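What follows is one structure encoded as structure tokens, with my remarks underneath.
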Amino acid sequence: MSGATPTRTPAPAWLRPATLADALAARAAHPDWLVVAGGTDVMVGSTRRPEPPGVLDLFGLAELSAITEGPDGLCVGAGATYAALLRHPTVRDRFPCLHEAAREVGALQIQARGTLGGNVQTSSPVGDTLPPLLALDAEVEVASAARGPRRVPYAAWITSYRKTALATDELLVAVHLPWPAPGTRQRWRKVGTRKAQAISKVMLAATARLEGDGPGRPGTIAHARVALGAVADRPVRLPTVEALLVGASPDPALAERVREAVRAAITPITDVRSTADYRREVAANLVARFVLDLAAPALPGADPGAGGAP
Amino acid sequence: MKVSLVVNGAPREVEGGPLRRLLDVLREDLALTGTKEGCGEGECGACTVLIDGEPVNSCLVPLAQAAGREVRTVEALASGELLTDLQEALVRCGGTQCGICTPGIAVCATAALAREPGADRLRLRELLAGNLCRCTGYQLVIDAVAEVVARRADATDAGAAPPLPARTAPTAPGQAGPGVGSRGAAP
Amino acid sequence: MIGLGERVGASPPRVDGAAKVTGAARYVDDLQPPGCLVGRTVRSRVAHGVLRALERDPGFDWSDVTFVTAADVPGRNVVTLIEDDQPVLVPVGGTIRHHDEAVALVAAPTKEKAEAARAAVRLVVDPLPAIFTLDDALRAEVKLHGQDNVFKRFEVTRGDDVERALAACDVVVEGVYETGAQEQMYIEPQGMLAAWEGDTCHVTGSLQCPYYVHKALKVTLGLPAERVVITQAVTGGGFGGKEEYPSMIGAHAALLARAAGRPVKVVYERDEDVAATTKRHPSRVRHRLGLAKDGRMLAADVDVLFDGGAYATLTQVVLSRGVLHAAGPYRIPTVRIVGRALATNHPPHGAFRGFGAPQTTFAYERQTAKAARALGMDPVALRRLNLYRDGDVTATGQTLRGSVAAHPTLDRVVAQLEQPPPAGRRTLPQAPHVKRGRGVATYFHGSGFTGSGEERLKGQATVAVAADGVLEVRAGSTDMGQGATTTFAQIAATALDVHVSQVRVAQPSTDKVPDSGPTVASRTCMIVGGLVDQAARAVRSKLEAFAAEVGLAADDPARGDLPALARRWAAARGELAETHTYRPPAGIRWDDQTYRGDAYPVFGWAACAVDVAVDTDTWEVVVERCVHAVDVGKAINPTIVQGQIDGGTVQALGWALWESVQYREGKVLNDRMTNCIIPTAIEAPELETLLVEEPYAHGPFGAKGVGEIPMDGPGAAVASAVEDALGVAMDELPLLPEVVHRRVRAGRAGGAA
């Protein structure tokens, strides 16, 4: 038994750019490097994986961390943490379904480090903030040193299971959220293996705006977005369900039609966290509940429905 | 790479690959073994430390990202032989049993109370949801933290400066871990 | 003199509390002796097969790696426990009997190197057909144990022929109840550190029973008792999971350290711990309960099946306790209980808080709830009619003599339910799709070892004046978080009339403390605590006599200063050690052959009521209220006792609602904390824990066991509450939302209400 030091591969290079321009240049120069922000995803199991040749550290990069309001909407930097989203009053007031998703994504420790960009980049089917991006008509902004910035509608962002439209020389820069029309109701509902700190089994993010509603009169639905998570290889919008909703009046009959339409629209799988059957039925129930609740007077915030955040 | 950071108030320089876990640096290089590993994937919270005052899972923090930061571990919550009011309450109320989750809970609750000094019991449960405990059923942990909330509020109402006089750590003549050496009984 | 706030019955802070809140307490992974290597285990990737060869990657740098196989075991290659059927390492040519079974060991200077070395070992295995279900085990087409795959069978009978008795009943309720495996999920993973000093092996680690490890390592290493020293490090939770398995890891660390000539630490990562170590036995219990129209229980026929997994380990003892509790705390004149534990190719199932009783309690308490419904009776009234009272006779023919609190615990729960629920609890909104229900359960749990176990065990404890003049408790019982250290200190301090801080509790180490028996079976406080009390009283009288001998006047205040007298004794005469050995109270009789007699010295009693809300959109269950009254005889330290009950309650709620170990082809699919989940502070309800004290004449200050009973009953209460809310029978655990949904749909389809 010798006491020789073990063979170690050389430590990877590490680069922490000070500006977005530097970051894009580094990305172009080293497309095989690991990009890390808060590390809550890439650090899991890191000790058992071969180390990457280099690491591009974007955590805290100022140009990527800001949350700014513009005339058309809110721009959330890809490096904004869940904690930053939660602290932001505009996110809470205008995008409550995203606010609630950030609150339920994990506990304080995860909120402090996890970033919206990380969730968008990983594009897991169970990423908690992703259905809200579909329901809110978000656009993803990416950039490269060679071609500059470009925007991709979030609905077109994921190309296959955990794969995105990001090119190897591009970085995710921001998520743009258009201002919802006044009066738009939002719903976030996460069903996890447990209430807190849990990976999702089914998620619903939905928005709807009613017209012609008043006391005792529900009116008709002028705009609707229904997005589900954890029921397919990526978060999905349900256009057939949205088509049923628009122009209709939210009542129990509509809720039943919607329930059927959701069942028909999705083919979830059975895995370690849940069953296909359960996911389909619960997804249908959550959307139906959203429709039924539209008939009730609007409440401030993203009424999470029964079993929502404590 | 060489990384400079401040740990529990003292500047330290440590060596390691950029992706080396802060948890391992604290435990192996700096002998701060109060920070525990329960799962290695950010689920149990036993490895919680404060970075610039924010509670984080040190098993998920790459060493390079701790460069230039202020890291505070459970060893530095109390000063010297004194326990903080929170630590004292955790012991007295039965908020610690096997103790492996206790450092993480003490660190996370310290940050949570600084941020939300008026949190009610339900909110405290949410704030501590990232710290798994298998012994207590959480009841006496929440009792302890809620008691600190109430006492600090009383102290603030009364205009007193420090919320609770920190008391001397009770000496424990009971079992000490190997390496600590068994401590004699107090006279 | 001891202060009022420290005496037995008061709640002084835990003696280890300050070390734990400051991070000073040292657990096994915090120990790092110079030159210590990292040990890792090479494991099987099939559930059943013959190990043909172990191949080491010739391209890998093995120069600084220690490699150990079964061929390196100097003694016998078994983990000695009850049956010596489990190898420390599967030998080449031997049979792999479960997934993630240990086949070889590596040690290297760093985690990375050890991990790489583990990955560089390839197993050549001829797979064999395997068994993963109770039905396949019963069919015995594949034979894993004997001709019938039955590890052990127990039968308990009382009264008439059970079929005749059931035929004569007005109502017979029948059900089949299934429960899944449950992971202990102590937050500190298992770990052991071994170092050799000459030809003596020192092993320190996270463990419940130092003398179990001692017994096992003597055999594996082929060493006499005095050359194996087992020491408990501060232990981060056990719950039964660190009762037997530390013997395996201890052997592994010792073998590696022996081969390497350096200390070796084997600390499991979480996924390895979940995949390889023991869990609660999955069970299926068929139960028939016959009653008279007025609600009197007349006959019970219970068939218990446990999945024992691949090796016998502790299974037969777990089954025994399950069987002995299977008729419940009810007067039933005719009883037949048959229990069988079956061999499968799952990793061995073993000890977990409750030890077989939670499974059979789930069945009989669901039966009681169904019987109430069938008779149209109030479930509390039905229980009051049948619950044991002092003088009643149990299924094994044991006449209960004192300390029977079945009624008082139920009364406390009923009274508490009249009070408003606690503030700050988590509730679901009042809405038509949220259904609510209440479930009640009453149960009992034998304190101490079964039958003549304590008599055979002859547990010992010592109270001493140590060489340094300090009053010291020496017991092999360990503190894994449950508070044994503080409890012993308090018992001794009260008996000696000194401050708790003037008593030292020795770190359990087999070269320093006597064998008190294992830290299991709700026996530590009642049995070993009693020995500490007696030994402390003996030390006190010796010191008082000593005071007279050295000429202290009867009214000299120094005569009452025991710590000072102890120092004088040590200076003058060296150490004083009083060791007491357990002697069961007179009149306890048990026959292991017929399984009749006094099954336990005494029972603890409990009642639990649970209110649930079920969201019928998602079938998630929220526990809105949980009232739990537990009789502990005497609470030595009420805060510690409450902590035990609270913790056991939430583990039981976890077992009932969230905790599911999923096997596929014998492999644990969810081996991480992210998918093998336990409750967080949000799932845990505001607990209403009530202590009932019905003293036991032979326990210290009246104390009985408390560790396990809170695990037994809440599962049934939850299931009955969900059934009450939804009108569909809930006969399996855990009641994951998927399970509730499936049962509701099946219930609707079948037209059942």
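Counting the residues of the stretch C:497-529 that are assigned to a helix (DSSP H, G or I), more than 10 Å from chain B (Cβ to nearest Cβ) and either without any contact (Cβ under 8 Å) to a residue 40 or more places away in the chain or surrounded by fewer than 23 Cβ atoms within 10 Å (Cβ to Cβ) (or both) gives 0. If you filter the stretch A:205-221 down to residues that are free of Cβ contacts under 8 Å to residues at least 24 places away in the same chain and assigned to a strand (DSSP E or B), you find that the one that is farthest from A:Ala255 (Cα to Cα) is A:Gly214.
Checked against the criterion of being more than 9 Å from chain C (Cβ to nearest Cβ) and open to solvent by 20 Å² or more (accessible area, probe 1.4 Å), the candidates B:Arg27, B:Arg69, B:Arg92 yield just one match: B:Arg69. Meeting the requirement of 2 or more residues that are farther than 29 Å from B:Arg125 by Cα, in contact with a Pro (Cβ under 6 Å, 6 or more places away or on another chain) and within 12 Å of chain B (Cβ to nearest Cβ), the strands (runs of 3 or more DSSP E) wholly within the stretch A:1-114 are A:54-57.
Which is touching a Leu at 6+ places or on another chain (Cβ under 6 Å), at pLDDT 95 or above and not basic (Lys, Arg), of C:Val124, C:Val162, C:Val142, C:Val173?
Every option except C:Val173 fails the conditions.
Reported count of residues in the stretch A:22-45, each being over 17 Å from A:Val142 (Cα atoms) and acidic (Asp, Glu), is 2. In this structure, B:Glu13 does not satisfy being outside any loop (DSSP other than H, G, I, E, B), facing chain C (nearest Cβ under 9 Å) and either open to solvent by 50 Å² or more (accessible area, probe 1.4 Å) or in contact with a Pro (Cβ under 6 Å, 6 or more places away or on another chain) (or both). Taken over the stretch B:42-55, residues that are within 11 Å of chain C (Cβ to nearest Cβ) and open to solvent by 20 Å² or more (accessible area, probe 1.4 Å) amount to 0.
Residue-by-condition table, conditions (1) open to solvent by 20 Å² or more (accessible area, probe 1.4 Å); (2) within 14 Å of another protein chain (Cβ to nearest Cβ); (3) under 20 Å from C:Ala120 (Cα atoms); (4) more than 25 Å from the chain's Cα centre (by Cα):
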position	(1), (2), (3), (4)
C:Met1	yes, no, no, yes
C:Leu4	yes, no, no, yes
C:Ser11	yes, yes, no, no
C:Gly17	no, yes, no, no
C:Val21	no, yes, no, yes
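Can you pull out the residues in the stretch C:166-181 that are closer than 19 Å to C:Ala326 by Cα and in a loop (DSSP other than H, G, I, E, B)?
Selection gives C:Gly180, C:Ala181.
For the stretch A:42-52, the criterion of being farther than 30 Å from A:Trp179 by Cβ, in contact (Cβ under 8 Å) with a residue 40 or more places away in the chain and surrounded by fewer than 17 Cβ atoms within 10 Å (Cβ to Cβ) is met by at least one residue. In the condition set (1) surrounded by fewer than 22 Cβ atoms within 10 Å (Cβ to Cβ); (2) within 16 Å of the chain's Cα centre (by Cα); (3) of a type outside the set (Gly, Ala, Ser), B:Asp120 is compliant with all but (2).
Beta carbons closer than 7 Å, at least 6 apart along the sequence or on distinct chains, pair a first residue in the stretch C:240-261 that is assigned by TED's automatic domain parsing to the domain that holds C:Ala70 and in contact (Cβ under 8 Å) with a residue 60 or more places away in the chain with a second that is among the basic types (Lys, Arg) and outside any helix (DSSP H, G or I) for C:Gly240/C:Arg353; C:Ala253/C:Lys265.
Given the condition modelled with pLDDT of 95 or more and in a helix (DSSP H, G or I), answer yes or no: does some residue in the stretch C:629-639 qualify? Within the stretch C:629-639, one or more residues are modelled with pLDDT of 95 or more and in a helix (DSSP H, G or I).
Residues in the stretch C:489-502: is at least one at positive phi and under 19 Å from the mean Cα position of the chain (by Cα)? The answer is no, given that none of the residues of the stretch C:489-502 is at positive phi and under 19 Å from the mean Cα position of the chain (by Cα). Scanning the stretch C:537-561 for residues that are over 47 Å from the mean Cα position of the chain (by Cα) and touching a residue at least 60 places away in the same chain (Cβ under 8 Å) yields no hits at all.
Every listed requirement among (1) at the interface with chain C (Cβ under 10 Å from one of its Cβ atoms); (2) open to solvent by 10 Å² or more (accessible area, probe 1.4 Å); (3) more than 23 Å from A:Leu56 (Cα to Cα) is met by B:Ser79 save one, (1). For the stretch C:182-267, the strands (runs of 3 or more DSSP E) that sit wholly inside it and include 3 or more residues that are open to solvent by 20 Å² or more (accessible area, probe 1.4 Å) are C:191-197, C:200-205. Among the residues in the stretch C:119-127, are any more than 30 Å from C:Asp592 (Cβ to Cβ) and within 14 Å of chain A (Cβ to nearest Cβ)? Checked against the condition, which is being more than 30 Å from C:Asp592 (Cβ to Cβ) and within 14 Å of chain A (Cβ to nearest Cβ), the stretch C:119-127 yields at least one hit.
Here C:Gly75 clears all of (1) open to solvent by 50 Å² or more (accessible area, probe 1.4 Å); (2) assigned to a loop (DSSP other than H, G, I, E, B); (3) away from every other protein chain (no Cβ under 14 Å) except the condition numbered (1). Close contacts from the stretch A:129-158, counting a first residue that is on the phi > 0 side of the Ramachandran plot and a second that is assigned to a loop (DSSP other than H, G, I, E, B), with Cβ to Cβ under 9 Å and a gap of 6+ residues or different chains, come to A:Asp137/A:Pro180. Can you find a residue that is within 14 Å of chain B (Cβ to nearest Cβ), open to solvent by less than 10 Å² (accessible area, probe 1.4 Å) and out of contact with any His (no Cβ under 7 Å at 6 or more places or on another chain) anywhere in the stretch C:453-463? Yes, because at least one residue in the stretch C:453-463 is within 14 Å of chain B (Cβ to nearest Cβ), open to solvent by less than 10 Å² (accessible area, probe 1.4 Å) and out of contact with any His (no Cβ under 7 Å at 6 or more places or on another chain). One residue stands out among those in the stretch C:478-496 that are assigned to a helix (DSSP H, G or I) and open to solvent by 10 Å² or more (accessible area, probe 1.4 Å): the one that is farthest from the other protein chains (Cβ to nearest Cβ), which is C:Thr494. Among the residues making up the stretch C:395-441, those that are part of a loop (DSSP other than H, G, I, E, B) and within 17 Å of C:Glu693 (Cα to Cα) are C:Leu400, C:Arg401, C:Gly402, C:Ser403, C:Val404, C:Ala405. Checking A:Ala155 against (1) modelled with pLDDT of 95 or more; (2) in a helix (DSSP H, G or I); (3) not acidic (Asp, Glu): exactly one of these is not met. Which one? Among (1) modelled with pLDDT of 95 or more; (2) in a helix (DSSP H, G or I); (3) not acidic (Asp, Glu), the lone unmet condition for A:Ala155 is (1). Among the conditions (1) open to solvent by 10 Å² or more (accessible area, probe 1.4 Å); (2) modelled with pLDDT of 95 or more, the only one that C:Ala721 does not satisfy is (1). For the stretch A:222-236, enumerate the residues that are open to solvent by less than 10 Å² (accessible area, probe 1.4 Å), assigned to a strand (DSSP E or B) and over 13 Å from A:Phe290 (Cα atoms). Once the filter is applied, which keeps residues that are open to solvent by less than 10 Å² (accessible area, probe 1.4 Å), assigned to a strand (DSSP E or B) and over 13 Å from A:Phe290 (Cα atoms), the stretch A:222-236 yields only A:Gly229. Only residues that are part of a helix (DSSP H, G or I) and either open to solvent by 30 Å² or more (accessible area, probe 1.4 Å) or hydrophobic (A, V, I, L, M, F, W, C) (or both) were counted in the stretch B:56-66, giving 5.
The values are calculated or read from the model by the stated rules, or taken from the named source; none is laboratory data. Since this is a predicted model, take the numbers as computed values, not measurements. Cβ: placed from backbone, ideal geometry, glycine included. Neighbour counts: every protein chain shown. Remember, those area values only see protein heavy atoms, side chains included, never the ligands or the DNA or RNA. Shrake-Rupley method; radii C 1.70, N 1.55, O 1.52, S 1.80 Å.
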